[in-house]
Structure formats: C-alpha cells, structure tokens
1. For a quick check: with amide H placed at 1.01 Å from N, whose amide H comes under 5 Å from A:Q72's, ignoring anything fewer than 5 positions away on the same chain?
2. Based on alpha-carbon positions alone, could you give the equivalent ellipsoid semi-axes of region A:28-138 from the gyration tensor, as √(5λ), descending, whole Å?
3. Sequence gap at least 6, Cα distance under 8 Å: using those rules, report the relative contact order of chain A to the nearest whole percent.
4. Ignore the peptide's own chain and count Cβ atoms of other chains within 10 Å of each Cβ in A:97-105; give me the average, rounded.
5. Report the Cα-based extents of chain B along its three principal axes, largest first, to the nearest Å.
6. Give me the lysines in straight-line cross-link reach of A:K57: C-alpha distance below 26 Å, same-chain residues under 8 apart excluded.
7. Given H placed on each backbone N at 1.01 Å, which residues far from A:I224 in sequence or on other chains put an amide H within less than 5 Å of it?
8. State the antiparallel share, in %, of DSSP beta bridges confined to the protein assembly as shown, rounding to the nearest 5.
Amino acid sequence: MSSTETFLAPVAAATGSHIRIHNLSKMFDQRPVLQNLNLEIGPGEFVAVVGKSGCGKSTLLRLLAGLETPCQGDIHLNGYPLRGINTLARVMFQDPRLLPWRNVLQNVALGLGQQGRSRSHWALQQVGLDHRARDWPTILSGGQKQRVALARALVTQPRLLLLDEPLGALDALTRLEMQHLIEQLWQEQRFTSLLVTHDVEEAVTLADRVLVIHQGTIDLDIPINLPRPRDLTQTELAVLKQRILQRILSR
Amino acid sequence: MISRLSIPTLGRWPRLPWDRLIPWLVPLTLLIVWQLLAQGGLINSRVLPAPTAVAEAALRLTTSGELLKHLTISTWRAAVGFLIGGGLGLFFGVVNGVFRPAELLADSSIQMIRNIPHLAMIPLVILWFGIGDQARIFLVALGVLFPIYVNTFYGIRAIDPGLIEMGQVYGLSPRQLFFQIILPGSLPSVLVGLRYALGIMWLTLIVAETIAAGSGIGYMAMNAREFMQTDVVVLAILLYALLGKLADSAVRWLERLWIAWHPSQNLS
C-alpha cells in the first residue's frame, strides 16, 4: 500500500452526543466524590473540566464512560439513560494504553471487523502517522503513541470523546502540537468533547466552556466565546485564565 | 529507535559471519582437552573414556538400533507426560488467573502440593502404578504442571489493568478481551514457564528411568553401569545435554514466532 494514498472518511459526519446529568452523586467507601452534580452539554460542544487533584473531575469522566456506576442520580445521552459501558463514547487516557503485541495499524483497528483496515489507515492519516502503520508501538515516541491512541479513539467516528488528561505526560512542544491536532479534528468531525485537565491554559485554549469542580460540585461554569485558533497572548484569554486560576486557588 | 540491546559501555560489537560459531567455542575446546588428556593416559578410561570411545559406542549402538529404540521410548514418555502436565498447568493457570472465585478455591491447595518435591513421591507412585510407564509419565506430568501453572497465573495477573479497562471501553466482548489482551499479554511469562518445565521434564525422566525401567536412555545408562561400560554411561549423559539443548531451541523458536513484539526479542 503506497503511503501517498488518501483514505476518505468512512461515513458522513453525524452530530455529537447531547449529555444531561441530573443530581449525580458518587461515593467511594462512604467518602463523597461527586455531590448532586447537574450539567448539560450540547451536541458538538467542547467542555474542559479543571480543579485541584482529588476534586472528582476524573470520576465525572469515568462515570460518563460507564466505567463507574453512579450512587445516585442519572446520566442521559441523547435522551436515553446510560447503562453499563458507554458505547457512544471513546476515551483517551493519560497513558496511551496501546497493546504492545499488535502493530500500530492493528492497535487502531482494535475491535473493528472487516472494514477495520481501510478505516484505520484513514484514522492514522488524520493524525499523520500512516507511514508508521506496520511498526511496533514500543519503538514510537511518547507523542507518537498518544497520536496513535487518538487515531484509535476516532476510528469509529464516536459521538463523544472523553479526554482524561491525555497530554499530561507529554513535553511542552509535543503538547502544543497535540492540542492543535485535537482542535482541528474536533472542528472537522464535531463530536462532543469533555477534556479533564489540570492545565488551565490548555482548558481555555481548547474549550467552548470551562467548568471548575470543587468538592464534588460545579463551582464555576464560564463560556469562552473567543475565535479559534486561539493565541495565549490575547488579553481576554489571559484574563479568563487568571480568573479561573484564582477561583481554584482561593478554595 | 531501539536497534539492538547492547550494554553501551562495552561499545558496539560488529556482527560477524562467525557469530553463530562462538557459542560452540567453549564445548569444542573442552572436548579437545578431554581427548588429549585421555590419549595421553592422564585419565583412566574406566573413569572417563576418550570422546572417540564415546563416539564409537554411539556408532555401535546406532547400528544395532538399540540407541534409537531407547531414544524413542524416552522421548515418547517425556512428550506424553509433558502434554498432560503442561495442559493441566495451563488450564488451571488460565482459570485461576481469570476467575477470582476459582483462585480462592484452588490456588492455596495447588501451592501446598507445589511445595512437595515431586521426586519425593517416587515410593508412593511405585505403590500406585507399579513400575510401568504410567508411573514415569505421572511423575513427568507432576513435575511440569507447576512451573507452567505458576507462570501462566502470574502472567495473567501481571497484565496492566489499564489495558483491560481500555478493552472494555473500546467495546471488546469477554471473549475478545481474553484472546486479544489477556492471552497475548501473558505469553512471555507462559514461555518462561515452558522453558523451566522442559528442564524439569528431562530431569524427572532421568531419575524415573534410572530407578525402575526396562528401556529408555536412563535404563541404558544404568544397564551399562552394571557391565562397567563407562563409554555408554557418558554417551547417555551427553544425550541428555543434547536433548535439553534441543528443547531450549524449540522454546526460542516459539518466542520468535509468538512474542516478536517483546523487548527481549531485539525489536528493530
């Protein structure tokens, strides 16, 4: 297969998931992590969740993925209640979690049937790694591994992308590249995105809306209506970032 | 990019055409020294016959068909015992590794039996099975069961739980999870168990065949001892070394086939 061949998007773009969370609570061994949380996310919206470590932001993401079950309250996706693993969603974790015994292409094609190959080539092309399709993941750099993980998340064109600090372990330059890539693919495919991050700067550059979580509830919910691609030297962005940071630190 | 695992301080060793011969250098030198000492009369041939005498014995026994007969019966016993014990070890390792209730039920009992040296069972095994092939096969099976069991069990338990969680989120069925994540992830450890088990397989067979048998390499050696045929005894010992090396090469071949992705296989 020649590397110059282009692969078309397998299906026409659909809209992102609509999420409604009502009175959601989660406890671990009597210790409350989320308390009566209410949240609505529109289709195709990019929401970033920030907060101190242990505030419950990762738990919120895991509940949306169906990896945890709520103790109270419910989550509705496109009007249907979520039960078990969320099949509409794909998750990108902090570590790439690639299978070392499968090559890059086979990793992207995980769980896909017959059409897996050409779709996976398409997804790898989106992240600029189709020329590494036959390599073992072990020999890729950290940034490349996360790009493969992104391709694996997007290969089925999910309606909801859950990002659990996916860029936290990358160096600053690679992180900027990945941010651009995620933003660009989101603009093309319009899936709903939830990004959990400890990096306020990352949150304000990428998201339509930033949530601050404190002691298991939403403490601050501010929209960011600035044109993209955003530039951190913009005054409005710097002001927003400062406001969010102060809110987190004052608590 | 990782090219070849080499310790940097030793510098780069160029790959030479005679690299394949280097492992044979030490055995070959020993053989020559042994031959010279035996020829010079420095070693009594009753203690250790010259390599040429051993080679003569090998030739004699090969042409009479005796060697092939003993070799075949030994290999057959080893293979049957290995398949039974290895199969059971793999089965219990997988079941206990995957299902917690099974582990609770069976693991501590298996650990208790594992700590009994299986050769200590010989008197009891003879009482149970007599001195036929069943006894020897039982001992081999018992010996290989535990290294395969332990390494399969821990191989499965050592898989990164993050990978299994990822598989669940990516919609894999329990069957797909097992065949695409759990089984390939535990293979490097299973192969370590296999290598141990093959060593134990030969060891057990030697002991079992020298104690009570009417055929096999071990019998051949014990029989030769009665007639003071030191050359045949040495030949039997060398045969075990050769068979052990063959088994090890088979595992290496499986490693190249099954775990080519593993860092131990020098990715390029």
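1. A:S25
2. Taking √(5λ) for each eigenvalue gives 33, 17, 14 Å, largest first.
3. Once normalised by length, the contact order is 27 percent.
4. Mean shielding by partner chains, rounded to a whole number: 5.
5. 73, 58, 30
6. Within reach: A:K26, A:K145, A:K241.
7. Here A:R209, A:V210 satisfy the definition.
8. Beta bridges within the protein assembly as shown, antiparallel portion: roughly 55 percent.
The values are calculated or read from the model by the stated rules, or taken from the named source; none is laboratory data. Since this is a predicted model, take the numbers as computed values, not measurements. Counting neighbours? That spans all protein chains shown, and the Cβs are built from the backbone with ideal geometry, glycine included. These accessible areas exclude ligands, DNA and RNA; they are computed on the full protein's heavy atoms, side chains included. Shrake-Rupley method; radii C 1.70, N 1.55, O 1.52, S 1.80 Å.
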